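Worksheet for the structure shown next.
The values are calculated or read from the model by the stated rules, or taken from the named source; none is laboratory data. Since the model is a prediction, treat every value here as computed from it, not as a measurement. Virtual Cβ from ideal backbone geometry, glycine too; neighbours counted across all protein chains shown. The accessibility values were calculated without ligands, DNA or RNA, using every heavy atom of the protein model including side chains. Shrake-Rupley method; radii C 1.70, N 1.55, O 1.52, S 1.80 Å.
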Amino acid sequence: MKSQVYFIPADRKESPESLSEKARRAYLAIGLNEKLGENDFLALKIHFGEKHNTGYLKPLWLKGLIGEVEKKTPRAFLTDSNTLYIGHRSNSVDHIRLAWSHGFTPDVVDVPVIIADGLIGRDVQDLKGSHARIKSARIGSAFLNSDALLCLTHVTGHVQIGIGAAIKNMGMGCASRAGKLDQHSVVHPHVSPKQCHNCGICPDYCPEDAIVQAEGHVLIDDKKCVGCGECLVVCKFGAIKMRWDDDSQRLQEKLAEYALTVQSHFKGKVGFINFLIQITKDCDCMARAQRPIVGDIGILASSDPVAVDKAPVDLVIARSAGKDVFRAGYERDWSVQLSYGSKIGLGTMEYRLVELG
Ligand code: SF4
Ligand code: SF4
């Protein structure tokens, strides 16, 4: 059976009020609002954009849909989890300050910003999965303590997985630091002896006592390390390195399994809005402004994360005269996350595009 994907053409040259109204209508079309209970906690999952990035979703575009949500529940909040890499989103204080600097303040959006995995990424719960790659998904607590989830996603290209859209926003974005490490790497972090100052800080943070001080530097005991990723962010000298998994297929499969585990948790109270506006080669983790790779297309909404990610690919390729601009970016086969997602029951690539008048 085909999934419905609602579509409204939109362009960033329009006023924020116009884009907000379109996002509101797209949101109402998917029916999640009717499922919200009085006082439900609704997690509005978003990427606030790295410092100096300009492609992130603008807070004014969200005012209309947040207004609708607030008629149902006063307990919606904007949220993301802390990052694995050291930037301006690796702890809650920096992360919230960055969100503020991008305009996500109560006077604009009227909802609080809560970082889902806590001050330093330790507020995590494990969700059992029973998939081929993921047996247990490590998710930021605020997501799992919520009653409903709405993923608000800026669709972009991506250096490792070809496209970053709803599946990535839910699968990677809801994961705690440990969950992100779980997806991005197949081995534990290691220490660069040359960069280590032997300051002794990271052993104090390691929950497993896996870091020991040796002559001139520390070492990680692979047998004890559980891959929580905390040492990566506490080292001020960048001496602890993760080993990125360069296998895009494996990463996309893990991503889809994480997304399915999160989606299943909400038992149907989940929705997805994809913004095809300022579509760039790289995701909003890039700390710089980027030129779009295609003209603006519009806003898509669905309750199916696979369908709502397949439709942008089709629309973008059609707009690019048949050229696959996502694949052209880094020669990554983006289709794995969609086909694998379909296979495991995350959604379907078969969709019916319904243009909202
Ligand atoms: S990843 Fe976690 S468990 Fe492993 S060494 Fe670092 S802090 Fe310790
Ligand atoms: S925090 Fe960094 S510099 Fe300090 S001991 Fe650990 S790895 Fe070495």
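Give the shape of the range 294-357 as rounded, prolate or oblate, defined through the alpha-carbon gyration tensor: a ≥ b ≥ c are the square roots of its eigenvalues, a/c under 1.5 means rounded, and otherwise the shape is prolate if a/b is larger than b/c and oblate if not.
On the way: a/c = 2.50, a/b = 1.08, b/c = 2.31.
Oblate is the answer for the range 294-357, as a/c is 1.5 or above yet b/c matches or exceeds a/b.
Using only the Cα atoms of the range 44-132, build the gyration tensor, take square roots of its eigenvalues as a ≥ b ≥ c, and label the shape rounded, prolate or oblate: rounded if a/c is under 1.5, else prolate if a/b is larger than b/c, else oblate.
On the way: a/c = 1.89, a/b = 1.22, b/c = 1.55.
Cα axes put the range 44-132 in the oblate bin.
Quick check on the chain: helices-only [θ] at 222 nm, where DSSP H runs of length 4 and up contribute -39,500 (n - 2.57) each and the sum goes over total residues. Nearest 500, please. Write out the running numbers ahead of the final one.
On the way: 14 runs with 119 residues, N = 357.
Mean residue ellipticity at 222 nm (helix-derived): -9000 deg cm²/dmol.
Give the accessible area for residue 115 in Å² (nearest 10); use a 1.4 Å probe, count only protein heavy atoms, and leave out ligands, DNA and RNA.
10
Rank 153, 105 by accessible area, highest first, at a 1.4 Å probe radius? Each step should come with its number before you reach the end.
Details: 153 5, 105 30 Å².
Of 153, 105, the descending order of accessible area is 105, 153.
Give me the net charge of residue 263's neighbourhood, meaning all other residues with Cβ under 11 Å from the Cβ of residue 263; Lys, Arg count +1, Asp, Glu -1.
Details: positive: 267, 269; negative: 257, 304.
Every neighbour counted, the sum reads 0.
What list of whole percents do you get for P(r) of the chain, with Cα-Cα distances grouped in 20 Å bins up to the one holding the largest distance?
Per 20 Å bin, starting at zero, the Cα-Cα P(r) for the chain comes out as 31, 58, 10, 0 percent.
Springs between alpha-carbon pairs under 10 angstrom, Gaussian network model over the chain: which of 129, 157, 200 fluctuates most?
Highest fluctuation among the options: 200.
What ranking of 258, 340, 205 comes out by heavy-atom accessible area, probe 1.4 Å, highest first?
The residues order as 205, 340, 258, largest area first.
At 0.36 nm per residue, minus the direct Cα-Cα distance, what do residue 71 and residue 2 gain on full extension? Give it in nm, one decimal, please. Walk me through the numbers before you get to the answer.
Values: separation 69, 0.36 × 69 = 24.84 nm, distance 3.07 nm.
Length gained, residue 71 through residue 2: 21.8 nm.
Just to verify a number: FRET efficiency for residue 236 and residue 339, C-beta to C-beta distance, R0 = 30 Å, to 0.05? Before the final figure, lay out the partial values.
Working: r = 42 Å, r/R0 = 1.40.
So the FRET efficiency works out to roughly 0.10.
Mind jotting down a quarter of the surface of the convex hull over the alpha carbons of the range 110-163, in square nanometres, one decimal?
Details: hull surface 23.6 nm².
Computed as one quarter of the Cα hull surface, the answer is 5.9 nm².
Do you know the relative contact order of the range 187-241, to the nearest whole percent, from alpha carbon pairs under 8 angstrom that are 6+ apart?
Working: 86 pairs, mean separation 25.7, N = 55.
47 percent.
Hey, any idea what Rg/Rh is for the range 187-241, computing Rh the Kirkwood way over Cα pairs? If you can, show how the numbers build up before the last one.
Working: Rg = 9.6 Å, Rh = 10.8 Å.
A ratio of 0.89.
How far is helix 305-319 tilted, in degrees, relative to the longest principal axis of the Cα atoms in the chain, given as a value from 0 to 90 rounded to the nearest 10?
70
Over the range 308-357, calculate the relative contact order: mean separation of alpha carbon pairs under 8 Å at least 6 apart, over the residue count, as a percent.
Working: 22 pairs, mean separation 14.2, N = 50.
Worked out over the range 308-357, it gives 28 percent.
Output the relative contact order of the chain, whole-number percent, from Cα pairs under 8 angstrom with separation of 6+ residues. Spell out each step's value before the answer.
Details: 830 pairs, mean separation 89.0, N = 357.
Computed value for the chain: 25 percent relative contact order.
At what distance in nm do the modelled label points of residue 319 and residue 224 sit from each other, each positioned 7 Å from its Cα along Cα→Cβ?
In this crude spin-label approximation the distance works out to 5.2 nm.
Rank these by accessible area, largest first, 1.4 Å probe: 184, 95. It would help to have the intermediate numbers written out before the result.
Numbers: 184 20, 95 0 Å².
Heavy-atom accessible area, descending, gives 184, 95.
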